[in-house]
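Just so you know, all these numbers are worked out from the coordinates, no wet-lab data involved. Note that the coordinates shown come from a computational prediction; the quantities given were computed from them, not determined experimentally. All Cβ positions, even for glycine, are placed from backbone atoms using ideal geometry, and neighbour counts span all protein chains on display.
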Amino acid sequence: MIAPRLRFAPSPTGQLHVGNARTALFNWLLAKRLGGTLVLRIEDTDVERSTPESERAIIEDLRWLGLTWNEGPDVSGPYAPYRQSERLDRYAREAQRLIAHGDAYYCFCSPEMLEAERQAAHAAGLPPKYSGRCRAIDPAEAARRVASGEPAAIRFAVPGEPRDIVFADLVRGEVRVHTSIIGDPVIIRRNGRPQYNFAVVIDDADMAITHVVRGEDHISNTPLQILIAEAIAVPTPAFAHLSLVLGPDHAPLSKRHGATSVAEFRARGFLPEALVNYLALLGWSPGDDEEILPLDEMARRFELSRVSHSAAVFDVAKLAWINRHYMKAATSSRLVSDVLPYFQRAGYIAEGSDAARAFVESLLPMAVGSVDRLEEIPERVAFVFGWNADEAARLVRDEADGARAVAAFAEVVRGPLPDRDAFRAAAATVRERTSLKGKALFHPLRVALTGLESGPELDLAIPAIDRGAALPAAAGVAPIVSCAERARAVTRSVT
RNA sequence: GCCGGUAUCGUCUAGGGGUCAGGACACGUGGUUCUCAGCCACGGGACCGGGGUUCGAAUCCCCGUACCGGUACCA
C-alpha cells in the first residue's frame, strides 16, 4: 500500500475561516490516523485576490490551532515549490502537451460573447456550457493567431462520448455525474494563469496526493477533475467532501453572524484546543457519548465514515461550553500568559511585570469556571481594580442593616486581610458584635467592598483586594484600595 | 432554470426493519451559596411530507418539499 498523502490547499485571500479550519483539521486528523503525510499548498493563482499577508496569517492561525504539516511553502519538501504561483511553467507545459494531443485548444472568444451565450442558455433552460466554437479552429491556424499576439485562453476539450463519471466519495458514497453537462472549461486564462480545476489535478498528481479531503463546494468540480486526470494520464486520488458550516439562520457562516475567522475567535479569548475540539464535533462523532477530546485522542479515533453528510450550524454557545472546560483544565501559568494582554488592555496592569503577572495569576480562581472566554476574565475581577465609594454607599443604604454591618466591619478590620481565614475571622467578629448573620451580614459587605451585587465568593474576593492593595507601586499594577479603607469610606458616607 | 448533494429535539449528534429513539449544548424547575457564575438533580423537547415494500418503516425504495452547493478566464 502506498503511503497516504493528504493536503490542505487554502487560497490566501483573507483570514482563515472556521469552515476552512475545519477542513484543515479533518485533513490533519486523517493524516495522523493513517500515519500519512500532510502537505500545505497555497493556491494563489488568483492574482487579484491573493496576498502574501493572507498566506502568513493563515499559516499563523493553523499553527495556533496546533495543526502541523510535513511539507509546505514554509518548510519545503520533496515536491517543492508548494505555491501555485511558483509552478506556472509546470501548468503551461502540461497545457501544451494537451494541445499537442488534441485534448485542449486555444479559445479566442471574448468575455462579452461568452456572457451572451450564458444568458441565452439560461433563458432556454439549458445547462450553461461553452459552445465549443473555438474547438473547430484548425490548430495550425490557432497557433498562428497566438503567435501574432492575439489574446487566447486554453480550454480543455471534454471527451465527446457522453458518459457517467462515478466516484466513490469517502464520506457520502457513490456520486454520479453525467459529462454532457460539462462544457469545455478554461484551463489557462488569457493572462497565463492556470484555472483552479487544472492546477489542482496537476499538483495533486505531482505531489503524490492520495486523499483529497475538501469542502462540499468542490463536489461538482470533481468529475471534471477526473476527466482532466485521465487526459494527462495521472491517477485520481480518493475524494472526501465535507459538508459546509452554516450560521444560525442556515445560511453559510458569514460576517453578519459574528466571528467567522480563527483570528477573531482567538481575539475573543477562545482557546485553540477548544476551537479545534468543537470544530471536530461539527460533522464528526467519535461514536460514543464523549465530547471533550484532545487533538491526539481525536486523531486516534478519527474515521471519515463517521463524518456527517449534512451541513452543520455553528453554535457559539456550545463552543463556549467547551472553552470553559479547557480553561478549567489549563494550568494557571499557561492561562496567565494568555490572559495578560486583556488585563493590559483594560489598563489594570503594565506590560512585562513579574509581580503583576503573579498577581493576575492569583486572581484566576475567581474567574475560571465562571466565565466563557479569556476576554471576560478582567471584567469578572474588575472590582479589585476599580471601586467607587459613592456607588458602594448607595448599595449599602439599600440593605436593611447595611450601614451597621459595614460600620462594624470598618471598626474590626484595621489592617489587611491577606487570606480567607483572616476574612472569616473578621466576619465572625462582626457577626458577634452585630448579631447579623448569613445574607444580612455578607451581602452588605459584598456591596460595600466590591461595589457590586454579585461576583466571586467573598472568601476569594476580599483577600484578592487586599493582596492587590499591598502591592508596591513598582509592581506595575494599577493602585488598589484596601478593604479596610473601602469599609471606612462607605461608613463615613452612609452615617 | 439545469445539474448535484442533504434531511433525527432550537443546535451538534448516536442509532437504525420491532428501542421508553440515547447523549451533549441551550432552555425550565429544584438543590448548594451572601450574590452571580459554576456544580448537582430533575424536566419539557425530534425521526420533513406523501406513497410503496413489509406482519411491522423513523430506518429500505419512489415521488414531493425544503435547504445547501455548482452552474466563472473565483477557489
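For this structure, a couple of remarks:
- Loop trypsin sites (Lys or Arg not before Pro), segment A:1-73, which have at most 12 other Cβ atoms in a 10 Å radius of their Cβ (DSSP): A:Arg49
- Exposed-site-free run, longest, chain A (rule: GluC sites (Glu not before Pro); DSSP loop; at most 13 other C-beta within 10 Å): A:49-289
- The stretch between A:Asp315 and A:Ser131 holds 61.7 nm of extra length on full extension. This uses 0.36 nm per residue minus the Cα-Cα distance.
- What the Kirkwood sum gives for segment A:315-418 is a hydrodynamic radius of 16.0 Å, with every pair of different alpha carbons counted.
- Ranked by how many other Cβ atoms sit within 10 Å of their own Cβ, fewest first, the residues A:Ile232, A:Ile202 fall in the order A:Ile232, A:Ile202.
- Of the trypsin sites (Lys or Arg not before Pro) in segment A:371-469, those whose Cβ has at most 11 other Cβ within 10 Å and which sit in DSSP loop: A:Arg414
- Long-range amide H partners of A:Cys107 with built H, under 5 Å: A:Ala153, A:Ile154, A:Arg155
- Cβ charges +1 (Lys, Arg) and -1 (Asp, Glu), total dipole of segment A:179-227, debye: 240 debye
- Measure of compaction for segment A:437-477 (Cα Rg per 2.2 N^0.38 Å): 1.36
- Chain A: proportion of alpha-carbon pairs further apart than 43 angstrom, %: 39 percent
- Residues in segment A:26-34 carry Karplus couplings, in order, of 5, 4, 4, 4, 5, 4, 4, 4, 8 Hz; the curve used is 6.51 cos²θ - 1.76 cosθ + 1.60 with θ = phi - 60°, and Gly or Pro positions show x.
- Prolate/oblate/rounded call for segment A:138-210, Cα gyration tensor, a/c under 1.5 rounded: oblate
- Within segment A:164-191: backbone nitrogen closer than 17 Å to the A:Arg118 label point (7 Å, Cα to C-beta): A:182-191
- Karplus-based coupling profile of segment A:420-437, in residue order and whole Hz: 5, 5, 4, 5, 5, 4, 4, 5, 5, 5, 4, 4, 4, 5, 9, 6, 8, 8, with θ = phi - 60° in 6.51 cos²θ - 1.76 cosθ + 1.60 and x standing for Gly or Pro.
- Listed by chain and number, the lysines whose C-alpha is less than 20 Å from the C-alpha of A:Lys318, apart from same-chain residues fewer than 8 away, are A:Lys255, A:Lys328.
- Taking amide hydrogens as placed 1.01 Å from N in the peptide plane, the amide H of A:Ala238 sits under 5 Å from those of A:His211, A:Val212, each at least 5 positions away in sequence or on another chain.
- Lys, Arg +1 and Asp, Glu -1 on Cβ, resulting dipole of chain A about Cα centre, debye, nearest 20: 580 debye
- Rg(Cα) / (2.2 N^0.38 Å) computed for segment A:420-492, rounded to two decimals: 1.14
- Segment A:353-495: C-alpha gyration tensor shape, a/c 1.5 cut-off, then a/b vs b/c: prolate
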